[in-house]
Amino acid sequence: MSKSFPHVNEENAPEASKALMKESIKRLGFLPKAHEVFAISPAFYDSYLSMYGNFVGNTSLTPKEQNVVFVTASTQNACEYCMNIHAFGAEASGLSKQEVKDILADQPLSDQKLEVLRQTVSSLLLNHGQLTNESKQAFFESGFTHEQLLEVLLGIGSKVMSNYANLLAESKPEREYS
């Protein structure tokens, strides 16, 4: 068996992944290279799409806040593929180019609420899900809720799945963010 991950398409993907691939193409307008890896395992692909879809479609976080979670998690997990793809999405959500560059460089954001969110995501990842009482207090005093803290975990969970899969597959960015 080859050490490198195969990429599948709509012709050679497992049957259960074919409908998921069509759903991705319909939603995104194309099939990202990462999805060609995810589709190897229908269970993984379906779980990822469900987590991602719930995070972007069913949480109370704003699109800007969601993208702070995505870019921060991808940066902390050192997934170049996801850092690049989410950098483009972050700008489309309303984050400035400077804010995106700051997150990618693990630098503070000028918007205090978004900075607390960035720090919270980083702390959760670096400390294996644990936050200090001071970090929790800062999160809640910034106007976030307990519900949103759990929603942040949902976003992180979807990023852990995709970041780790892309790292294992050695996925290269489809285009560079600059």
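The values are calculated or read from the model by the stated rules, or taken from the named source; none is laboratory data. Because the structure is a prediction, the values reported are computed rather than measured. Backbone-built Cβ (ideal geometry, glycine too); neighbour counts: all protein chains shown.
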>> Tell me the residue from 54, 77, 67 that is modelled with pLDDT of 95 or more, surrounded by fewer than 17 Cβ atoms within 10 Å (Cβ to Cβ) and closer than 30 Å to residue 149 by Cα, please.
In response: 54
>> Looking at 134, 151, can you tell me which residue is assigned to a helix (DSSP H, G or I), at pLDDT 95 or above, of a type in the set (D, E, K, R) and within 21 Å of residue 56 (Cα to Cα)?
In response: 151
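Would you mind stating whether residue 36 is within 18 Å of residue 145 (Cα to Cα), surrounded by 15 or more Cβ atoms within 10 Å (Cβ to Cβ), acidic (Asp, Glu) and out of contact with any helix residue (DSSP H, G or I) (no Cβ under 6 Å at 6 or more places or on another chain)?
No, not satisfied.
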> Name the residues in the stretch 120-131 that are surrounded by fewer than 15 Cβ atoms within 10 Å (Cβ to Cβ) and part of a helix (DSSP H, G or I), would you?
Replying inline: 126
> Under 7 Å by Cβ, and 6 or more places apart or on different chains, what pairs join a residue from the stretch 39-50 that is among the β-branched types (Val, Ile, Thr) with one that is outside any helix (DSSP H, G or I)?
Replying inline: 40/6; 40/8
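When you scan the stretch 138-148, how many residues do you find that are outside any helix (DSSP H, G or I) and closer than 18 Å to residue 54 by Cα? Please lay out each step first, then the result.
Kept after step one, since they are outside any helix (DSSP H, G or I), are these residues of the stretch 138-148: 142-145.
Those still in the list that are closer than 18 Å to residue 54 by Cα too: 145.
The total comes to 1.
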>> I need the full set of residues from the stretch 5-30 which are without any contact (Cβ under 8 Å) to a residue 12 or more places away in the chain and of a type in the set (A, V, I, L, M, F, W, C), in order please.
In response: 19, 25, 28, 30
> Taking the condition surrounded by 20 or more Cβ atoms within 10 Å (Cβ to Cβ), at pLDDT 95 or above and among the aromatic types (Phe, Trp, Tyr), does residue 44 pass?
Replying inline: no
>> If I go through the stretch 154-174 residue by residue, how many of them are surrounded by 15 or more Cβ atoms within 10 Å (Cβ to Cβ) and under 15 Å from residue 85 (Cβ atoms)?
In response: 12
>> If I filter the stretch 1-41 down to residues being of a type in the set (D, E, K, R) and more than 22 Å from residue 74 (Cα to Cα), which single residue comes out as modelled with the lowest pLDDT?
In response: 3
> Given 151, 147, which one is touching a residue at least 40 places away in the same chain (Cβ under 8 Å) and surrounded by fewer than 21 Cβ atoms within 10 Å (Cβ to Cβ)?
Replying inline: 147
> If residue 61 satisfies every condition in (1) free of Cβ contacts under 8 Å to residues at least 60 places away in the same chain; (2) surrounded by 14 or more Cβ atoms within 10 Å (Cβ to Cβ); (3) not hydroxyl-bearing (Ser, Thr, Tyr) but one, which is the exception?
Replying inline: (1)
> Since residue 81 meets every condition but one in (1) under 21 Å from residue 166 (Cα atoms); (2) hydroxyl-bearing (Ser, Thr, Tyr); (3) out of contact with any Ser or Thr (no Cβ under 8 Å at 6 or more places or on another chain), which condition does it not meet?
Replying inline: (3)
